[in-house]
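Only one structure is covered here, and it is reproduced in the block below.
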Amino acid sequence: MTMSSGKAGASSWKSDLMLALLAMLVALAVNAGTGFRELTDAGGDNDNLLRLVEVRDMLGGQGWFDLHQYRMGLEGGFVMHWSRLVDTPIATIILVVQALTGSTALAEDVAQIAWPSLLFFLTVFFTTRAARSVAGESAVLPSVVVGAAAYHFIGIYSTGALDHHNVQLMLTMASLCLLLEAPVRRTAALLSGLCAALTLAVGMETVPYVATIGVSVALLFVVDRSGESRIARDFGLGFAGVSALVFIATIPFSAWGQAQCDAFSTVQFVVAALAGTGLAAIASIDAASRSWQRRLAALGLLAAAIAAVVVSLFPQCLAAPYANLDPRLKELWLDHIDEAQSLLTLLAHEPAHVAARYATPLVAIVLMAISFSRGNWRRQESLVAALLVVAFVVSAWQVRGSTFSIGFAVIPLSAWIAKWRQRVEVSSSRGVVLRMAAAWLVSVNAVWTGAAAATSVVLESKNTVAAGSETDNRCYRMASFAPLGHMPDTTVLAISNLGAPVLAYSGHRVFAGPYHRNIAGNLLALDAFLGSADDARKIVADHHVGLVALCRGSAESELLAEKAPQGFLAGLMHGSVPDWLEPVAETKGNPIELYRVRQGA
């Protein structure tokens with residue numbers, strides 16, 4: 001890189017940082033305009049609330065390696081699969097603000113605002129850098145506008161968003177951005193490998209994207225040794241090195257031999273170490289990389305070795321993620337998780353929402369397909385296309401993948417807008433200007449989201465009334481849990497969607513929560529609610545339950561009552577209260593109605 005290009009690069013970094021910062025401030029102002037509503041209304045996002053509980057537990061003295069959630073499940077709790085890598089920065093913000101203000105409540109509010117905002121800023125920044133690498137300066141403004149709008153409306157950067165999906169998207173976009181810049185920045189490939197390892201360590205949802213990045217690096221090395229050998233070597237070293245550090249830092253020595261398929265453990269470490277060091281070694285050894293045939297053969301042997309290790313040592317991790325889930329939990333929980341629905345399910349039951357999640361990625365794929373059909377097979381576009389297509393396929397399986405496909409789509413869409421902006425500079429005819437305007441509209445995900453919302457209003461007028469009501473029918477708001485928080489701590493029998501809010505807003509413990517490792521606790525709650533009142537009474541007595549919580553407006557309550565119309569929960573919803581329960585008078589008619597277990601009942 002020449003001195004002049006180095007100065008230009010430094011200048012572009014500064015301008016991109018400022019634009020991303022501006023986008024963050026705009027998003028922050030929009031959230032402030034709503035009074036940071038999510039601080040008191042989690043909108044049913046259990047993961048954000050349980051993450052806050054997990055951070056509180058760590059700050060309260062729970063060990064670094066101890067990921068038990070002691071207040072959920074059967075006595076003794078269960079081990080969560082989340083990473084301390086996300087808990088730590090949130091806890092740090094809380095500690096700093098608490099030291100400055102003396103208020104824990106204020107410190108938690110600041111953390112719930114500052115942490116998602118910081119991640120939003122970084123994601124927009126890396127998206128902008130990636131768009132610049134693909135389409136140049138003219139794509140910067142479109143990437144900021146289109147990217148910021150997309151990230152704001154997909155909701156994972158909203159106030160209170162402490163879950164790890166925003167961290168994963170930011171790190172994945174950073175890895176892509178750095179890989180795009182690797183040919184002109186010596187440290188970029190190493191940092192790209194670092195980000196890929198970190199996003200894998202945070203959660204297994206990003207395995208498809210990390211694998212795609214790794215395979216892309218390897219294939220580029222096969223095609224172009226002179227230009228890609230250093231990149232492949234550095235990426236591999238960064239990926240393997242950081243995976244080793246994460247393994248040592250987050251896994252206790254006593255668990256080094258334990259394989260966990262749903263969280264970073266010896267499985268992921270072994271695969272990452274083999275893949276990263278193997279790629280680096282092949283790229284560094286002349287005998288293995290002298291010709292493209294040798295490079296391909298060496299990488300094929302590496303892939304075979306990794307596959308053999310996984311098949312022989314960790315065969316359980318080759319099964320579907322929820323293959324061993326109890327059939328009742330699959331029927332009554334997993335099949336009703338919004339983010340786990342497939343494209344076909346959405347088309348059948350919520351067609352209006354398809355546009356909000358799939359339109360811009362599909363447009364971006366079509367644009368890239370047209371570009372490639374014209375012979376534009378550049379390195380940069382190929383990397384973006386690979387990730388975009390994989391993310392779209394994942395989103396067709398589970399809608400949660402659309403979070404990534406929407407993000408990756410911003411890059412080709414920004415390049416498309418950039419081309420029309422350049423044409424307008426040459427010819428400002430009405431037709432060209434209108435086409436540029438159309439490109440902007442089609443590319444902004446918020447336009448599709450708004451159209452989907454408007455369609456939903458027309459098709460589902462009954463839901464419009466419920467959504468516009470001031471009553472917290474679905475029991476999402478902090479205020480609905482206030483009476484519970486004022487009662488002496490005990491065990492509360494409640495549906496799974498009330499589990500995390502009960503922990504966050506009170507000192508009670510619960511059995512159920514929407515987490516796949518909490519099998520025993522969730523099944524116990526199902527047995528109580530679906531069985532007879534006598535069955536529930538025995539469970540209540542055996543497990544020292546002090547309160548029963550009822551949310552009539554919850555879709556989960558309705559589902560369970562429909563499943564067992566003669567069951568305990570259905571009886572409560574119809575006003576049939578067994579004699580061993582005493583209604584808490586002050587909660588009658590509230591979103592959450594409480595029933596106290598009578599002493600000696």
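The values are calculated or read from the model by the stated rules, or taken from the named source; none is laboratory data. Quick caveat: nothing in here was measured; it's all calculated off a predicted structure. Virtual Cβ from ideal backbone geometry, glycine too; neighbours counted across all protein chains shown. Surface accessibility is based on the protein's heavy atoms, side chains included, excluding ligands, DNA and RNA. Shrake-Rupley method; radii C 1.70, N 1.55, O 1.52, S 1.80 Å.
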**Request:** Please specify each residue of the stretch 26-67 satisfying the condition of being of a type in the set (Lys, Arg) and within 28 Å of Phe264 (Cβ to Cβ).
**Result:** Arg51, Arg56
**Asked** Regarding Asn48, is this residue touching a Ser or Thr at 6+ places or on another chain (Cβ under 7 Å), on the phi < 0 side of the Ramachandran plot and open to solvent by less than 30 Å² (accessible area, probe 1.4 Å)?
**Response** no
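Output the number of residues of the stretch 249-273 satisfying the condition of being part of a loop (DSSP other than H, G, I, E, B), in contact (Cβ under 8 Å) with a residue 60 or more places away in the chain and of a type outside the set (A, V, I, L, M).
Qualifying residue count, the stretch 249-273: 5.
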**Prompt:** Out of all the residues in the stretch 317-357, which are of a type in the set (A, V, I, L, M, F, W, C), farther than 20 Å from Ala520 by Cβ and in a helix (DSSP H, G or I)?
**Reply:** Cys317, Leu318, Ala340, Leu343, Leu344, Leu346, Leu347, Ala348, Ala352, Val354, Ala355, Ala356
**Asked** Does at least one position in the stretch 130-138 carry a residue that is over 25 Å from Ala249 (Cβ atoms), open to solvent by 10 Å² or more (accessible area, probe 1.4 Å), out of contact with any Ser or Thr (no Cβ under 6 Å at 6 or more places or on another chain) and among the polar types (S, T, N, Q)?
**Response** yes
**Message:** If Ala107 satisfies all but one of (1) at pLDDT 95 or above; (2) within 20 Å of Thr199 (Cβ to Cβ), what's the number of the condition it fails?
**Reply:** (2)
**Prompt:** In this structure, is Ala446 within 30 Å of Arg132 (Cβ to Cβ) and either assigned to a helix (DSSP H, G or I) or modelled with pLDDT of 95 or more (or both)?
**Reply:** yes
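A quick yes/no check of all residues on (1) over 15 Å from Leu119 (Cα atoms); (2) modelled with pLDDT of 95 or more; (3) of a type in the set (Val, Ile, Thr):
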site	(1), (2), (3)
Ile154	no, no, yes
Val167	no, yes, yes
Thr172	no, yes, yes
Leu176	yes, yes, no
Leu180	yes, yes, no
Arg185	yes, no, no
Ala188	yes, yes, no
**Prompt:** Which one is surrounded by the most Cβ atoms within 10 Å (Cβ to Cβ) among residues in the stretch 68-104 that are farther than 16 Å from Leu198 by Cα and of a type in the set (D, E, K, R)?
**Reply:** Arg71
**Yes/no for His336 being open to solvent by 70 Å² or more (accessible area, probe 1.4 Å) and either touching a Pro at 6+ places or on another chain (Cβ under 8 Å) or under 15 Å from Trp397 (Cα atoms) (or both)** = yes
**Asked** Does Glu586 qualify as being open to solvent by 60 Å² or more (accessible area, probe 1.4 Å), touching a residue at least 40 places away in the same chain (Cβ under 8 Å) and farther than 23 Å from Glu339 by Cα?
**Response** yes
**Message:** Is it the case, given these coordinates, that Val311 is in a helix (DSSP H, G or I), at pLDDT 95 or above, surrounded by 13 or more Cβ atoms within 10 Å (Cβ to Cβ) and of a type in the set (Val, Ile, Thr)?
**Reply:** no
**Asked** Any residue at all in the stretch 264-272 that is within 26 Å of Arg379 (Cβ to Cβ) and open to solvent by less than 30 Å² (accessible area, probe 1.4 Å)?
**Response** yes
**Complete:** Residue hits (the stretch 560-569; part of a helix (DSSP H, G or I) and surrounded by fewer than 16 Cβ atoms within 10 Å (Cβ to Cβ)) are Glu562
**Complete:** Of the residues in the stretch 288-306 that are buried (at least 16 other Cβ atoms within 10 Å of the Cβ) and of a type outside the set (Ser, Thr, Tyr), the one that is nearest to Gln268 (Cα to Cα) is Ile306
**Asked** Are there any pairs with C-beta distances below 9 angstrom linking a residue in the stretch 364-377 that is part of a helix (DSSP H, G or I) to a residue that is among the hydrophobic types (A, V, I, L, M, F, W, C) and open to solvent by 30 Å² or more (accessible area, probe 1.4 Å), with the two at least 6 apart or on different chains, and if so which?
**Response** Ala364/Phe392; Ala364/Trp416; Ile365/Val389; Ile365/Phe392; Leu367/Trp416; Met368/Val389; Ser371/Trp377
